[in-house]
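Student: One structure coming up, written as structure tokens, with questions to follow.
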Amino acid sequence: MFHRNARKILNYCWPDLCSDEQLRRVWFTESVLGSAEVTIGPVPKHVEQAFATSFLVPQLAILPHALVVALGGKAHERLQRLGIRHERAHALAPPGCNQKAADPSWRRIAEILHQAK
């Protein structure tokens, strides 16, 4: 489901481009590189901070005008705690992607992207 929903967002953002061209316009990363001890469990705050300092902030510095999108509540909360400006959308995997508001949240990302042009 994750990949199918990622494809939807890319098609909403750039409907006239092929997959290769769409992927040249995005940078996918995790809000934390690493795993929680328990699936969908919490990640310690010091791990979040270490990842942000070592990886996420430097990645975003390379792309200073990027539209940062948090896909899912955990990503949103982490970016918010780190003070990283972003848009919020539903997760691409269950359970978030199964909610009625998921698809409209992904379409809204495309609208924001097109308004920024």
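The values are calculated or read from the model by the stated rules, or taken from the named source; none is laboratory data. Bear in mind the structure is a predicted one, so any value in this text is a computation, not a measurement. Positions of Cβ are backbone-derived with ideal geometry, glycine not excepted, and every protein chain shown enters the neighbour counts.
Student: At pLDDT 90 or above, surrounded by 13 or more Cβ atoms within 10 Å (Cβ to Cβ) and out of contact with any strand residue (DSSP E or B) (no Cβ under 7 Å at 6 or more places or on another chain), is that true of residue 60?
Tutor: Numbers: at pLDDT 90 or above: yes; surrounded by 13 or more Cβ atoms within 10 Å (Cβ to Cβ): yes; out of contact with any strand residue (DSSP E or B) (no Cβ under 7 Å at 6 or more places or on another chain): yes.
Judged against the criteria, residue 60 is a match.
Student: Kindly state which helices (runs of 4 or more DSSP H) lie completely within region 23-117 and contain at least 1 residues that are touching a residue at least 60 places away in the same chain (Cβ under 8 Å) and closer than 23 Å to residue 5 by Cα.
Tutor: Numbers: elements: 45-51, 57-62, 73-82, 102-115.
By residue number, 102-115.
Student: Regarding residue 74, is this residue surrounded by 14 or more Cβ atoms within 10 Å (Cβ to Cβ), farther than 25 Å from residue 114 by Cα and of a type in the set (D, E, K, R)?
Tutor: Numbers: surrounded by 14 or more Cβ atoms within 10 Å (Cβ to Cβ): yes; farther than 25 Å from residue 114 by Cα: yes; of a type in the set (D, E, K, R): yes.
In short, yes.
Student: If you go through region 20-38 one residue at a time, how many are modelled with pLDDT under 95 and more than 21 Å from residue 87 (Cα to Cα)?
Tutor: Result for region 20-38: 5.
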